[in-house]
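The values are calculated or read from the model by the stated rules, or taken from the named source; none is laboratory data. This one's a predicted model, so the numbers in the text were calculated from it and none came from an experiment. No Cβ is skipped: glycine too gets one built from the backbone with ideal geometry, and neighbour counts run over all protein chains shown. The area values use the complete protein model at the heavy-atom level, side chains included, leaving out ligands, DNA and RNA. Shrake-Rupley method; radii C 1.70, N 1.55, O 1.52, S 1.80 Å.
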Amino acid sequence: MKKMIGLLTLITISCQSKEKEQEQLISEIKEPIKMEVEKGLEIATFGGGCFWCTEAIFLELDGVKKVESGYTGGKTENPTYEEVSTGTTGHAEATQITFDPNKISFGELLEIFFATHDPTTLNRQGADIGTQYRSEIFYHNEEQKKLAEDYIKLLDRENTFGKPVVTKVSPAGKFYVAENYHQNYYARNKEKSYCSYVITPKVEKVRKQFAGKLKK
């Protein structure tokens, strides 16, 4: 009888442990991960195709303190660029932007995000094809979530792109900073063909269309 009680106790503890693990996992999936940032600054995380492009664009903006290229939204821990490029990790190439909301708002970042990539092509930006190139906004709080969802509704209502926006809005998970050679890539590789033909036109568009929001 004592053995039976002991076994039942062990099973109960085991089941409770599994339930706690499941509850924790569900909580992590539903709630955005909170980032520790300098007081007064905020974080925005966007997936909009190749992170070389998005990084170069947001580095131009006044109020943006830091932009890091990396991977997020998937299951593989500490992924490499090669792994993410296979499209099997679930991660998107993304940029994590640290910004001063007193100088540039999350709404303004959203405006520039949508103006500088195609949010109507599923898992694709130009010649870059795969889930890692998907359009996705990873929100860090409920305010960011609402602003993103409302902005997408507005774009669709006004038929801004001539077809529906497919950009996903998801809670921010762990962000894995990409390898060093991906950071500040455009500034260090402007002479390369991809930079010349793909990134430079986007940067020039931002400089022309959002001149009032650029760093002095």
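Go through region 115-136 and give me each residue that's of a type in the set (Gly, Ala, Ser) and open to solvent by 50 Å² or more (accessible area, probe 1.4 Å).
Within region 115-136, Gly126, Ala127 qualify.
Quick check: anything in region 178-188 open to solvent by 70 Å² or more (accessible area, probe 1.4 Å), over 19 Å from the mean Cα position of the chain (by Cα) and under 16 Å from Leu110 (Cα atoms)?
No, region 178-188 contains no residue that is open to solvent by 70 Å² or more (accessible area, probe 1.4 Å), over 19 Å from the mean Cα position of the chain (by Cα) and under 16 Å from Leu110 (Cα atoms).
For region 127-174, what are the residues that are more than 12 Å from Leu110 (Cβ to Cβ), in a strand (DSSP E or B) and in contact with a helix residue (DSSP H, G or I) (Cβ under 7 Å, 6 or more places away or on another chain)?
Pro171
Any residue in region 142-150 that is farther than 14 Å from Phe46 by Cβ and touching a residue at least 40 places away in the same chain (Cβ under 8 Å)?
no
Is there any pair with a first residue in region 156-171 that is aromatic (Phe, Trp, Tyr) and a second that is part of a loop (DSSP other than H, G, I, E, B) whose Cβ atoms are under 8 Å apart and which are 6 or more apart or on different chains, and what are they?
Filtered contacts from region 156-171: Phe161/Asp118; Phe161/Pro119; Phe161/Thr120.
Starting from residues that are part of a helix (DSSP H, G or I) and without any contact (Cβ under 8 Å) to a residue 60 or more places away in the chain, keep the ones in region 189-200 and report whichever is least open to solvent (accessible area, probe 1.4 Å).
Here the answer is Thr200.
Answer yes or no: is there a residue in region 201-211 that is of a type in the set (D, E, K, R), crowded, with 17+ Cβ neighbours inside 10 Å, under 24 Å from Thr72 (Cα atoms) and touching a residue at least 60 places away in the same chain (Cβ under 8 Å).
Yes, region 201-211 contains a residue that is of a type in the set (D, E, K, R), crowded, with 17+ Cβ neighbours inside 10 Å, under 24 Å from Thr72 (Cα atoms) and touching a residue at least 60 places away in the same chain (Cβ under 8 Å).
Pick from region 149-177 the residues that are open to solvent by 70 Å² or more (accessible area, probe 1.4 Å) and among the β-branched types (Val, Ile, Thr): which of them is nearest to Glu82 (Cα to Cα)?
Only one residue tops the list, namely Val177.
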